[in-house]
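One structure below.
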Amino acid sequence: MGNRLDWEFGEEADTVSPTTTTATELERSAIWFWLVVIIFGGVLGLVWQVGQSRIRQANEDLRQQVQRVLDLETAAFRQGDGDLLFTLLTNDPAWQAAQLRPENLAFWQGNPVVTRADAHDTAVWANITWQSNGQTWQRLAFFTWQDNNQLRHAATDPAYWGRKLATEHTWGILAYAEVDQVWADEIGFFVDDLVAELCARGCLAEQLPLEIRLTDGYGETAVPHEITLPSPRLVALTADGQPAPIFWELLTQAVTDHLTTAVLRFGVPRHQPILDYETAAHTFMASHPNIQIEIIWLDEFPDTTLLTTLDGVALTPPADLIAAGLVADLTPLAQTDRTFDSNDFYEQIWAGAHWQNRLWMMPQAGQMRLLFYEKEAYEQAGLTPPSLRWTWTEMAEDLLHLTAVPTPDERWGFIDVGIDSLLAYAYGQAASCTNQIAFPCSLRQNPAAIAAALTWYKEMTAVPGLMPDLAATPSHLREAVMVNWLTAARHAAIWVDDPIGYEHRLLIRPLGVTPFPGSDRFDGITPLWVHGSFMTRTTKRPFATWQWLKFLSTIPPTPRLRLIPARPSIADQTHYWHRLPRPLSEAMRTAFPFTRPVPLDEQTIFNRVMLDKIISGAQSPEEAAQSIAPIHWFNWAVTQSRAK
């Protein structure tokens with residue numbers, strides 16, 4: 001039995017032992033499996049954490065890069081250095097001009113801080129906060145990497161906005177981008193209430209329906225029944241991401257402008273306006289009964305306080321005023337108005353209304369001065385009268401002979417109480433066209449050309465009896481000085497004058513008329529002063545003001561002023577060129593194709609302070625040409641104080 005039991009036992013042991021060994025192996029395998037899983041998971045977790053850390057670091061690095069660009073922009077803004085600020089933006093004139101809008105000026109003043117920056121291909125989408133009036137605001141901003149690996153502040157990135165959507169309302173259509181859908185109902189209901197309120201008081205029902213479009217830009221539109229506004233994301237959001245009050249103000253202003261009668265306050269200079277604005281206003285209001293024009297007479301250029309109460313001004317805006325953000329950019333209105341034909345303007349006059357590739361005023365007329373000469377003086381000196389195409393060298397030689405002839409009265413060789421001769425001389429030096437000079441071939445001023453003109457002026461005034469130092473006489477004294485220096489007892493052989501003075505001077509003594517001299521290579525270049533009207537940035541009636549300015553461009557200037565109508569169609573209707581006296585007509589027709597509009601930032605480039613320094617020897621012409629003060633951007637108060 002013992003053997004059997006031993007066998008049985010042995011048999012039992014043989015059957016039980018393998019089972020125990022298999023369980024142990026499975027347990028060990030499970031331990032190893034979970035150990036591997038734990039290790040692998042730990043590795044994955046570590047890799048994920050490292051990856052996330054690197055992503056966060058990359059995002060932080062990108063945020064800091066965007067912040068550095070923003071800091072440079074802010075510093076340029078505070079220094080009034082618009083040229084530097086614009087180099088940090090993409091090369092887009094509309095985007096650059098948009099920085100002068102009030103909501104953007106407030107942004108730059110508020111110490112903007114980048115809170116987030118995300119890369120999307122070559123674009124960067126950034127969230128930026130800033131402070132204003134004790135409140136924190138935020139907005140979306142775009143940046144882009146350019147070919148030179150430089151980060152530039154951009155107007156938009158089309159990839160951000162998504163599909164174009166629209167919703168219908170009783171007042172019309174609200175169009176918006178997909179990302180702005182979250183506010184579509186709120187904005188639509190807001191306009192519902194606003195239109196109801198305006199119409200309860202008597203709105204212009206014929207202006208309905210409206211189409212309000214929220215866009216990824218800042219351009220306004222002159223299309224009837226259409227309003228364009230920048231997305232709230234581009235204007236300002238509250239700290240919790242809702243449209244800020246400034247957006248609702250812009251929306252209210254735009255709807256009100258279209259649906260209610262407008263009363264425009266329009267500033268007009270009391271001294272010699274270029275046309276009869278009161279008659280023009282009555283004619284305009286007869287065809288635009290929903291727009292009333294109130295003429296505000298100005299004895300001088302309006303200061304900031306008065307300017308912000310006006311909708312427009314019948315004056316050429318100084319470049320400093322534009323740079324301060326007080327003049328509205330008319331470009332988008334001109335581009336979207338289907339009834340406005342920009343091709344119906346003389347090319348030179350149209351160009352003269354532009355600066356920094358944007359339209360800042362509505363051109364109405366061009367003014368070109370000419371050289372008048374005394375025929376008897378030429379006869380006494382035995383000289384041949386100037387031709388319509390003569391040179392500065394020929395004029396200098398004539399003046400030496402003319403001043404060498406003794407006269408019983410006091411006669412000067414040459415007189416210019418303005419800066420036209422300086423400009424014309426400088427333009428001739430800057431001309432670099434290979435063929436005959438003609439607009440728009442002429443270039444902007446450069447220091448070498450300015451220095452050459454100053455040298456010419458200094459040499460001319462240094463010769464006794466050749467030319468008195470009268471240039472840059474204030475405009476309000478110019479005519480009085482001319483009368484004083486061109487009387488019977490005191491006169492000049494050659495002088496610069498307006499076409500309006502032709503008959504008056506002719507009654508005193510026989511005279512001839514000729515354009516400014518040129519060179520052996522180029523015809524003379526005559527400065528062209530463009531007159532017009534501008535819209536203030538603070539107007540709450542841009543659509544109505546545009547209609548008025550557009551109308552003014554169709555009104556001919558007062559005939560006796562002999563200003564050239566801005567539109568050739570108006571010149572043809574009034575027979576402008578045919579009504580000029582023949583000698584004057586020949587000179588003006590010869591000179592006009594070669595006129596060069598005086599840019600808005602060059603209209604005071606030669607001033608009394610500069611001329612006094614070069615005459616006294618305090619500065620050389622080269623030093624004076626290099627020391628022209630740059631325009632101070634973004635701050636009109638600083639500009640005014642500096643001018644004083």
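The values are calculated or read from the model by the stated rules, or taken from the named source; none is laboratory data. Being a predicted model, the structure only gives us computed values, none of them experimental. All Cβ positions, even for glycine, are placed from backbone atoms using ideal geometry, and neighbour counts span all protein chains on display.
Observations on the structure shown:
- Residues in the stretch 527-576 that are of a type in the set (D, E, K, R) and either more than 30 Å from GLN253 (Cα to Cα) or assigned to a strand (DSSP E or B) (or both): ARG560, ARG562, ARG567, ASP572.
Yes/no matrix, rows are residues, columns are (1) part of a helix (DSSP H, G or I); (2) surrounded by fewer than 22 Cβ atoms within 10 Å (Cβ to Cβ):
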| position | (1), (2) |
| --- | --- |
| LEU315 | no, yes |
| GLY325 | no, yes |
| GLN335 | yes, yes |
| ASP341 | no, yes |
| LEU371 | no, no |
| ALA377 | yes, no |
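- Any hit, the stretch 126-139, residues being surrounded by fewer than 20 Cβ atoms within 10 Å (Cβ to Cβ) and under 24 Å from THR536 (Cβ atoms): yes
Yes or no, residue by residue, for (1) touching a strand residue (DSSP E or B) at 6+ places or on another chain (Cβ under 6 Å); (2) closer than 30 Å to GLN146 by Cα; (3) buried (at least 19 other Cβ atoms within 10 Å of the Cβ):
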| residue | (1), (2), (3) |
| --- | --- |
| LEU174 | yes, no, yes |
| VAL182 | no, no, no |
| CYS203 | no, no, yes |
| LEU210 | yes, no, yes |
| THR228 | yes, yes, yes |
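- Among residues of the stretch 577-590, those that are in a helix (DSSP H, G or I) and either without any contact (Cβ under 8 Å) to a residue 24 or more places away in the chain or not β-branched (Val, Ile, Thr) (or both), counted: 8
- Annotation: of all residues in the stretch 411-432 being of a type in the set (A, V, I, L, M) and touching a Leu at 6+ places or on another chain (Cβ under 6 Å), the one that is modelled with the highest pLDDT is VAL417.
- The lone criterion from (1) in contact with a strand residue (DSSP E or B) (Cβ under 6 Å, 6 or more places away or on another chain); (2) not in a strand (DSSP E or B) left unmet by ALA159 is number (1).
- Residue pairs meeting the criteria (Cβ under 8 Å; at least 6 apart or on separate chains; first exposed (fewer than 12 other Cβ atoms within 10 Å of the Cβ), in the stretch 457-480; second modelled with pLDDT of 75 or more): HIS476/HIS271
- All positions within the stretch 610-633 that are more than 29 Å from ILE322 (Cα to Cα) and surrounded by fewer than 21 Cβ atoms within 10 Å (Cβ to Cβ): ILE615, SER616, GLY617, ALA618, GLN619, SER620
- Filtered by the rule that a residue be buried (at least 17 other Cβ atoms within 10 Å of the Cβ) and part of a strand (DSSP E or B), the stretch 275-295 gives ILE291, ILE293.
- Looking only at the stretch 54-90, and only at residues there that are not in a helix (DSSP H, G or I) and not hydroxyl-bearing (Ser, Thr, Tyr), the one that is surrounded by the fewest Cβ atoms within 10 Å (Cβ to Cβ): GLN79
- Any hit, the stretch 179-193, residues being in a loop (DSSP other than H, G, I, E, B), among the hydrophobic types (A, V, I, L, M, F, W, C) and on the phi < 0 side of the Ramachandran plot: no
- Restricting the stretch 203-239 to residues that are in a loop (DSSP other than H, G, I, E, B) and free of Cβ contacts under 8 Å to residues at least 40 places away in the same chain, the residue that is nearest to PRO542 (Cα to Cα): PRO224
- Flag for ARG582 being basic (Lys, Arg), more than 31 Å from the chain's Cα centre (by Cα) and loosely packed, with under 15 Cβ neighbours inside 10 Å: yes
- Within the stretch 433-448, not a single residue is modelled with pLDDT of 90 or more and surrounded by 22 or more Cβ atoms within 10 Å (Cβ to Cβ).
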